[in-house]
Amino acid sequence: MDSVFFPLVVNNHISVKAAAEISGYSLQYIRRLLRMEKLAGLKLGQVWLIEKSAFEDYLENVTQAAD
């Protein structure tokens, strides 16, 4: 997979908003993936942060599944 620019990377985590902008998915869908543990991340209060590498892997797997 080509390198993707991730805005607001903090300790190898990105925000749900950044992930939504990159992927085109809605904020609610990304939060659902996190709650269902289909994406690795952590929740700080009410804010989810997604592990950058897990998000890259998820996008790569979804792209391959669509082929």
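A few remarks follow.
- Looking only at residues of segment 14-67 that are open to solvent by 60 Å² or more (accessible area, probe 1.4 Å) and of a type in the set (S, T, N, Q), we find that the one that is modelled with the highest pLDDT is GLN28.
- Residue pairs whose Cβ atoms lie under 6 Å apart, sitting 6 or more positions apart in sequence or on different chains, and linking a residue in segment 13-42 that is under 15 Å from ALA54 (Cα atoms) to a partner that is of a type in the set (Gly, Ala, Ser) and surrounded by 14 or more Cβ atoms within 10 Å (Cβ to Cβ), are ILE30/ALA19; ILE30/ALA20; LEU34/GLY41; LEU39/ALA54; ALA40/ALA54.
The values are calculated or read from the model by the stated rules, or taken from the named source; none is laboratory data. Predicted model only: the values in this text are computed from it and were never measured. Every residue, glycine among them, receives a Cβ derived from its backbone with ideal geometry; neighbour counts consider all protein chains shown. Ligands, DNA and RNA are stripped out before the accessible areas are found, and what is left, the full protein with its side chains, is counted by its heavy atoms. Shrake-Rupley method; radii C 1.70, N 1.55, O 1.52, S 1.80 Å.
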